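As structure tokens, the structure follows; a few thoughts come after it.
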Amino acid sequence: MSSRDEILARVRGNQPSSRPLPAVPTFDRALPSLVDAFKGNLERMGGAFLEAAAGTDLDALIRKTFPKAKVVCSATPEVAGNRALQSVKAPAELEDVDVGVVRGRFGVAETGSVWLSQAEFKVNVLGFLSQHLVVLLDSREIVPNLHHAYRQRGFFETNYCVLMTGPSATADIEGVLIHGAQGIRSLTVIAVPRPGV
Amino acid sequence: MKRVDHAEASSKFIAAKEHIEFHDMRLWDLRLKRDREANALPEWEQLRSLASAVKEHTLSHLADYLEQFESRATANGMRVHWARDGAEHNQIVFDLLSSHGARTLVKSKSMLTDECAMGPFLEQRGVEVIETDLGERIQQLDKEPPSHIVVPAVHKLRGDVAQVFSRTIGTDPKNSDVAYLAESQRRHTRPYYLSAGAGMTGANFAVAETGTFVVCTNEGNADLSANLPKLHIASIGIEKMIPRIEDLGVFVRMLSRSALGSPITQITSHFRGPREGAEMHVILVDNGRSERLGMADFWYSLKCIRCGACMNTCPVYRRSGGLSYGATYSGPIGVIIDPAFDLRKYSSLPFASTLNGSCTNVCPVKINIHEQIYKWRQIINERNMLPMAKKQAMRVAGKVLASPKIYRAALQAANAGIEYLPRFMLYNPLNAWGRQREVPKGRKSSFRDWYLKNRGKK
Amino acid sequence: MKVGLFIPCYVDAFFPEVGVATLELLERLGVEVRYPLDQTCCGQPMANSGCEDDAAGAEKLFVRNFAGFDYTVTPSGSCAHHVREHLTAVPQSAKAKKVRKHTYELVEFIHDVLLVREFPWAKFPHKVGLHIGCATLRGLHAAVPSELGGGGHNKPLALLSKVKGIKFAAPARPDECCGFGGTFSVFEEPVSAKMGYDKVTDHKNAGAEYIVSQDMSCLMHQKGCAERLGLGLKFIHIAQVLNGARA
């Protein structure tokens, strides 16, 4: 008998009697402004929030925000950057990226999270190997809470997606909070409309 | 296997004054942070009920959900393996690494891999295993197991970490600045991600509906481990199944609030299939879980989402430290699952508890922890695994207290007052009770004496 | 209403004044109280040690002693909790079920059954740290624990707050366990003592002069710790305060 069959047989034999599966509500609450809630929670989690009007020169804004950055690598056509993502053959080549740029599919007001998938990253590790990450987000694309987030179709369509909330962090040594544990040192959301929407 | 003596280990922990004070304060602070988050959500108790109900439903249909997960995951391009126990799990991992020529493995935190003792198994076979989570790395370099499932090095102070790092990764032994130490580990670990042949993660949840598994971290180490090497292996306990993506709304809202008092972990990743040119393997691990599923009094423990809230609230855990339990799982959850692994070895653990019940109240999935602790105590007695001194004391106590005449005689015989009563309740009372406490004074007459004198024989 | 008085073994032996205060208080409130002379113990120490088999004799005796009463009242939350939740080493006859269901801790009896809130004879001009034992708090729901949001009802506080002159100290961790835990206090002595030391130090730092509780077992442990530490704290059972003790 294979391990699989043995395990399944033992599980089947030991399962308790059937319990019902409850429906999960969305726990909606009146929020005065989704953007304000999103901004507040993002900042609470260590992220930064900037606003930019449609048509802003985002490359210039990013250069201004990260004056010391040498390598800017963008996964979105809205920002040119100076490292072509298309020519990357192995993800490890992104090791020297100072600022990665992506556009988030949607944000979550409850937590200040942004949803990013393989489609947004192009190369998944861009969101983790870069020293800093800039996420463009259309403020009309913010859902109220995680219940709404988990009803988005993206989860059913992609092989890899992430809810990113602020920079990487740790408090493993004496409870002292450090931003920039092993992933990105900072996460900046630039609220700018999605082109063509 | 030598029986774990929790009390003995705890006395050493308590003796280190600065360490225990920090440990207790830090974890109590996490408990208070959890309270703030819970109080801020009016639907908190509803979420607990939902989380508990979803888990209980899933466990009652676990075989179907496991098959559904396997089917969906396979359709997405994942390879699904099954391991009866830790040994089989470790062999599967090693075979995968060998077949891919991977000599270095970067891994994120997985209590399951500790449970299977995977690290030593691989290292004995020439694989270099790099723990990437900061707390796990500290512990690995110090050759100690993690002491807490969420904050593995919480029992150490910065000076301890400075010593460990200076010995192993070449930092300045005199520099215990936390930012410096964390940055040092970041820089030291980074090259490993870039060159490792394989990456390994655990999983917090596995969604049957889509064949997705979810990894919740703060550091970014899991996603670096998964997205750089060409081989990603995920070890998942079979009890991690949940039915639908929408159920994640409940669990992701509760996990980090319960664990750290933050609304969500910095990174919540959902893996559903390999990226182009890479391979993704999932190992579904039993290792005693299917057996525990059949234990009427204890299967609720399989609902656990490994948040650690029970450890943070437990006054005993905070004052004895995770290592004093001598097991992968410590604190209240450890106390109710470890005896299922090895009853004799862990027979003292259910007694490392005052049955105060706060663990049950903070558990996001409503595991009745303190009730299961009480039940394990009965089983340990039934299987004759109580320490002889305690069993004898209880036997004598039981006989004396079953007979009013013997009880009265015993009380009267105790001229000093404290001689007999504590003797059958306490073994060697003057050594134990009196070590750090004053002993209650003996009294010339009891309440019963007073009653007879003042209210007569009514 | 006939009430049987159950006095835990350690109260009978070491703190008879608590039993006296309980009896007198109930009588003051117009209750007909009897103390069955052949009582011993509720069985908790053995049952909590895993030895339900050894608890059977004491539990059988308990049922026999209290079967004839409408209520059994005891100045011990942990004993009342054991009787209601865990007195299962004996066959669950109709008699046993009735005794179990009608066993009350003193404060919950006064608060929930007698519905009394005023104690005009009581005066306790001291600053008091209120300690609610864990079985009493989470098992008998005497109040809402802090991990469940706190606030809400608080039965001992409801009774004490009307006592003339009483003031309350606010410890930093009002409902963290004090570390008695029955035989835990002996078999896990290092942690038990550390918990007790922390508890009494917290109350002392909050300015408490007395620690008051519904559970003499907790107080016995805390008293032992406080005396060893030389903290000068005093300990008194809530029955004594409500019965009019001035100190």
### Task
Pick out, from the range B:164-279, the strands (runs of 3 or more DSSP E) lying fully within it that include 3 or more residues that are within 22 Å of B:HIS61 (Cβ to Cβ).
B:205-207, B:212-217
### Query
What single numbered condition from (1) more than 19 Å from the chain's Cα centre (by Cα); (2) part of a loop (DSSP other than H, G, I, E, B); (3) over 25 Å from C:GLY150 (Cβ atoms) fails to hold for C:PRO190?
(2)
### Task
Mind listing whichever residues of the range C:10-38 are within 7 Å of another protein chain (Cβ to nearest Cβ), crowded, with 24+ Cβ neighbours inside 10 Å and either within 20 Å of C:HIS102 (Cα to Cα) or among the polar types (S, T, N, Q) (or both)?
C:GLY19
### Query
So which residues in the range B:106-143 are assigned to a loop (DSSP other than H, G, I, E, B) and crowded, with 21+ Cβ neighbours inside 10 Å, if there are any at all?
B:SER108, B:LYS109, B:SER110, B:CYS116, B:THR132, B:ASP133
### Message
Show the residue pairs meeting these rules: Cβ distance below 7 Å; 6+ apart or different chains; first residue within the range B:34-59 and more than 11 Å from chain A (Cβ to nearest Cβ); second residue of a type in the set (A, V, I, L, M).
### Response
B:ARG34/B:ALA309; B:ARG34/B:VAL362
### Failed criterion for C:VAL20 (all others in (1) of a type in the set (Val, Ile, Thr); (2) free of Cβ contacts under 8 Å to residues at least 24 places away in the same chain; (3) within 23 Å of C:LEU137 (Cβ to Cβ) hold)
(3)
### Task
Identify the single condition in (1) farther than 30 Å from B:ALA198 by Cβ; (2) in contact with a Cys (Cβ under 8 Å, 6 or more places away or on another chain) that A:GLY55 does not satisfy, given that it satisfies every other one.
(2)
### Query
Is it fair to say C:CYS42 is out of contact with any Phe, Trp or Tyr (no Cβ under 6 Å at 6 or more places or on another chain) and at the interface with chain B (Cβ under 10 Å from one of its Cβ atoms)?
no
### Query
Which one of these is in contact (Cβ under 8 Å) with a residue 24 or more places away in the chain, among the small types (Gly, Ala, Ser) and more than 12 Å from chain B (Cβ to nearest Cβ): A:ALA37, A:ALA80, A:ALA54?
A:ALA54
### Query
In the range B:115-159, what count of residues is obtained for those that are on the phi < 0 side of the Ramachandran plot and free of Cβ contacts under 8 Å to residues at least 12 places away in the same chain?
3
### Query
Would it be correct to say that A:THR188 is within 22 Å of B:VAL215 (Cβ to Cβ), of a type in the set (S, T, N, Q) and out of contact with any Cys (no Cβ under 6 Å at 6 or more places or on another chain)?
no
### Query
Which one is surrounded by the fewest Cβ atoms within 10 Å (Cβ to Cβ) among residues in the range A:14-53 that are among the aromatic types (Phe, Trp, Tyr) and under 21 Å from the mean Cα position of the chain (by Cα)?
A:PHE49
### Message
So, in the range C:48-85, how many residues would count as being closer than 17 Å to B:ASN356 by Cα, at the interface with another protein chain (Cβ under 8 Å from one of its Cβ atoms) and assigned to a helix (DSSP H, G or I)?
### Response
1
## Note on the structure
For the range C:147-172, the count of residues that are at the interface with another protein chain (Cβ under 8 Å from one of its Cβ atoms) and within 28 Å of C:ALA47 (Cβ to Cβ) equals 2
### Query
Looking at the range B:70-87, is at least one residue within 20 Å of the chain's Cα centre (by Cα) and either buried (at least 20 other Cβ atoms within 10 Å of the Cβ) or more than 27 Å from B:HIS270 (Cα to Cα) (or both)?
yes
### Task
Within the range B:132-150, count every residue that is touching a Lys or Arg at 6+ places or on another chain (Cβ under 7 Å) and more than 15 Å from B:GLU115 (Cα to Cα).
3
### Query
How many residues are in contact with a strand residue (DSSP E or B) (Cβ under 8 Å, 6 or more places away or on another chain) and assigned to a loop (DSSP other than H, G, I, E, B) when one looks only at the range A:46-83?
13
## Note on the structure
Counting only residues that are farther than 18 Å from C:ALA143 by Cα and touching a residue at least 40 places away in the same chain (Cβ under 8 Å), the range C:89-113 contains a total of 2
### Task
Give the range C:17-47 a look and list any residue that's within 30 Å of B:LEU349 (Cβ to Cβ) and part of a loop (DSSP other than H, G, I, E, B), or say none.
C:CYS41, C:CYS42, C:GLY43
### Message
Between A:ALA109, A:ALA169, A:ALA181, which is of a type in the set (Gly, Ala, Ser), at the interface with another protein chain (Cβ under 10 Å from one of its Cβ atoms), touching a residue at least 60 places away in the same chain (Cβ under 8 Å) and in contact with a strand residue (DSSP E or B) (Cβ under 6 Å, 6 or more places away or on another chain)?
### Response
A:ALA169
### Summary
Across (1) more than 10 Å from chain C (Cβ to nearest Cβ); (2) among the acidic types (Asp, Glu); (3) free of Cβ contacts under 8 Å to residues at least 24 places away in the same chain; (4) under 30 Å from B:MET385 (Cβ atoms), B:GLU8 clears everything bar (1)
### Query
Does B:VAL316 satisfy being more than 8 Å from every other protein chain (Cβ to nearest Cβ), within 18 Å of the chain's Cα centre (by Cα), crowded, with 24+ Cβ neighbours inside 10 Å and not in a loop (DSSP other than H, G, I, E, B)?
no
### Task
Take A:ARG103 and decide whether it is buried (at least 16 other Cβ atoms within 10 Å of the Cβ), within 14 Å of the chain's Cα centre (by Cα) and among the charged types (D, E, K, R).
yes
### Message
I'm trying to understand the selection: among the residues of the range B:368-418, which are touching a residue at least 60 places away in the same chain (Cβ under 8 Å), surrounded by fewer than 21 Cβ atoms within 10 Å (Cβ to Cβ) and assigned to a helix (DSSP H, G or I)?
### Response
B:LYS375
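Residue-wise test of (1) assigned to a loop (DSSP other than H, G, I, E, B); (2) within 9 Å of another protein chain (Cβ to nearest Cβ); (3) of a type in the set (Val, Ile, Thr).
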{"site": "B:ARG292", "(1), (2), (3)": "no, yes, no"}
{"site": "B:SER301", "(1), (2), (3)": "no, no, no"}
{"site": "B:ILE305", "(1), (2), (3)": "yes, no, yes"}
{"site": "B:TYR329", "(1), (2), (3)": "yes, no, no"}
### Condition broken by A:ILE7, with the remaining ones in (1) in contact (Cβ under 8 Å) with a residue 12 or more places away in the chain; (2) outside any loop (DSSP other than H, G, I, E, B); (3) within 14 Å of chain B (Cβ to nearest Cβ); (4) of a type in the set (Val, Ile, Thr) satisfied
(1)
### Message
Please count how many residues of the range B:160-205 are free of Cβ contacts under 8 Å to residues at least 40 places away in the same chain, in contact with a Ser or Thr (Cβ under 7 Å, 6 or more places away or on another chain) and under 23 Å from B:THR268 (Cβ atoms).
### Response
0
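Just so you know, all these numbers are worked out from the coordinates, no wet-lab data involved. Fair warning: this is a prediction, and the values are worked out from it, not measured in the lab. FYI the Cβ positions are ideal-geometry reconstructions off the backbone, even for glycines, and counts take in every protein chain you see.
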